Amino acid sequence: MLDATTRSGGTATASPRAAATELVPSVPAAVPALSAPAVSMPAVAAPSAGPLARCGRVLLSPWSRFSLLVALLAAAGASVLLFEPQKLLADGWPPQLGGPMAAAVFAAAYGLCTVAFVPRPLLNLAAGALFGSAAGLGASLTGTVLGAGLAFGLGRVLGQDALRPLLRGRLLTAADGQLSRHGMRSMLAARLFPGLPFWGVNYCAAVSRMGWVPYLVATALGSIPNTAAYVVAGARASAPTSPAFLIALASIALPTVAGAVVAWRKRHHLRKP
């Protein structure tokens, strides 16, 4: 603040506080903070997959698994030609095996043989000739379910992913739809119809979306009539004129007629696009 001028008109002088204020340089109201320059970190590249990982992806691909399935089935078929299991009808069962253990071993061998394309009628006749009607029927049904489950598992794990994209034709898509939506009754009809190959039905069901429980239950129930007829025929083959043998031969034809009737009634489902 400037002091008042003298009445005589002298020059006004500044007070010491005002002079000191004028000597101090003015400071800006706000000084922007200096920001540190951003330091960009070098991007770390993701490690590329090693040869073991790439090899694993190739081996687990759908077509690699399907190739493995084909190789396993080819090896199984070759082993059948080499060991000739049909010799059981002529040579009999190894003498060192007997009783329930023999039936259990036969059931396990039965299941493996069905996966290897051995015809089930041959195995059923051998079961009846070796163990009689009751034990032979039990061993045959056990082997049937075991072989069906083994084939279904192999087809589901090794073949389904590769084969499902190929179901494009009308007949294939209709059959797949029947097995996927009506698995229990479709599989029951397929087992009752003896003209369908056992191994073919197994792998067709594996490619579809049928569940395990309907598949195995329908296989067990649908295989009883035909299996029992062949087992009894094998057990009574030494007396071809006996009533049991003749009834067994007549019973072999009944599943054929029943399966043909079911297929005739369901033919319109397969014709739908």
Val157 vs. criteria under 18 Å from the mean Cα position of the chain (by Cα), open to solvent by 60 Å² or more (accessible area, probe 1.4 Å) and within 27 Å of Pro62 (Cα to Cα): yes
Residue match in the stretch 216-225 (condition: surrounded by fewer than 18 Cβ atoms within 10 Å (Cβ to Cβ), over 27 Å from Phe83 (Cα atoms), in contact with a Ser or Thr (Cβ under 7 Å, 6 or more places away or on another chain) and modelled with pLDDT of 85 or more): yes
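Within the stretch 174-194, is even one residue over 30 Å from Trp63 (Cα atoms), of a type outside the set (A, V, I, L, M, F, W, C) and surrounded by fewer than 17 Cβ atoms within 10 Å (Cβ to Cβ)?
yes
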Pairs, first under 21 Å from Arg164 (Cα atoms) and in contact (Cβ under 8 Å) with a residue 12 or more places away in the chain in the stretch 179-202, second in a helix (DSSP H, G or I) and aromatic (Phe, Trp, Tyr), C-beta under 6 Å, six or more apart: Met187/Tyr215; Asn202/Phe152
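The values are calculated or read from the model by the stated rules, or taken from the named source; none is laboratory data. None of the values given here were measured: they were computed from a predicted structure. Using ideal geometry, Cβ is built from the backbone for each residue, glycine included, and neighbour counts are taken over all protein chains shown. SASA here: full protein model, heavy atoms, side chains in, ligands and nucleic acids out. Shrake-Rupley method; radii C 1.70, N 1.55, O 1.52, S 1.80 Å.
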